[in-house]
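Readers should treat all values here as calculations from the given coordinates under stated rules, not as data from a laboratory. Given the structure is predicted, the values throughout are model-derived calculations rather than measurements. So basically every Cβ, Gly included, is an ideal-geometry build from the backbone, and we count neighbours across all protein chains shown.
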Amino acid sequence: MRILLVEDERAIADFIARGLTEHGHGVDIAYDGDEALHWPDVADFDVIVLDVMLPVRDGVQVCRILRDQGVRTPILMLTARDAIEDRVRGLDSGADDYLVKPFAFAELLARVRALTRREPALLGASLRVDDLVLDTTTRTVARAGGPIELTAKELSLLEYLMRHPNQVLTRTMIAEHVWNYDFDSVTNVIDVHVRNLRRKIDGPFERKLIQTARGAGYRISGRSNE
Ligand code: CA
């Protein structure tokens, strides 16, 4: 998933970003509210993690502006205080959930997962393309009932493909969603990961699910529950 993290305290921002990256997410950091609002394609993130305590424009204001602009990306607010009025203000401004600092990193991950499951397009916890199933809760993959071992990055890549079945995803799109946005030399890395993924997912099977759109990118094709 591609996550926008808005947090002005660099040490905290770096800590959260590192953890999310280790779990296979692509993370961009905005260090204040204006930077978040000026992100070129802010609507294209899968989740926005938004700190309330920001200089100039606080997280509640940022959230309200994003919602006014029609951005529907799930927003998880981080609040330093456990005051009820803060939570109410946050939720009223259009945030989907909140987390009180300090928090356990595992809880942040769980909230992010829950928010992406809440998207209307992602009703079930399982993604399915033909006989390939990815369980987004247990992070396990099986084809024709047989479990397949994937690395964290291969899993993120497969999840991104399976969330957009039968669509060509360009290397730029894959780089932005699965790797970091500013990671510009990833095309070879993407090709290597796709090759490995294909070996595991399609290798033993006659019907190949992952296809190359020549000069454009990759797509997974088949009957999907999306
Ligand atoms: Ca802050």
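Observations on the model:
- Think of it as helices only: each DSSP H run of n ≥ 4 in the chain is worth -39500 (n - 2.57), and spread over all residues that comes to -11500 deg cm²/dmol at 222 nm.
- Using alpha carbons only: equivalent-ellipsoid semi-axes of region 2-116, gyration tensor based, whole Å: 18, 16, 14
- Base-10 log of normalised Debye intensity for the chain (one unit scatterer per alpha-carbon) at q = 0.08 Å⁻¹: -0.31
- 16 Å Cα-Cα reach of K208 towards aspartates and glutamates, excluding residues that sit fewer than 8 places from it in its own chain: D130, D131
- For region 65-162, applying the loop criterion from DSSP together with a ceiling of 14 other beta carbons within 10 Å to the GluC sites (Glu not before Pro) yields E149.
- Contour excess over end-to-end distance, with Cα ends at L91 and T172 and 0.36 nm allotted per residue: 25.8 nm
- For region 76-168, fraction of C-alpha pairs farther apart than 17 Å, in %: 59 percent
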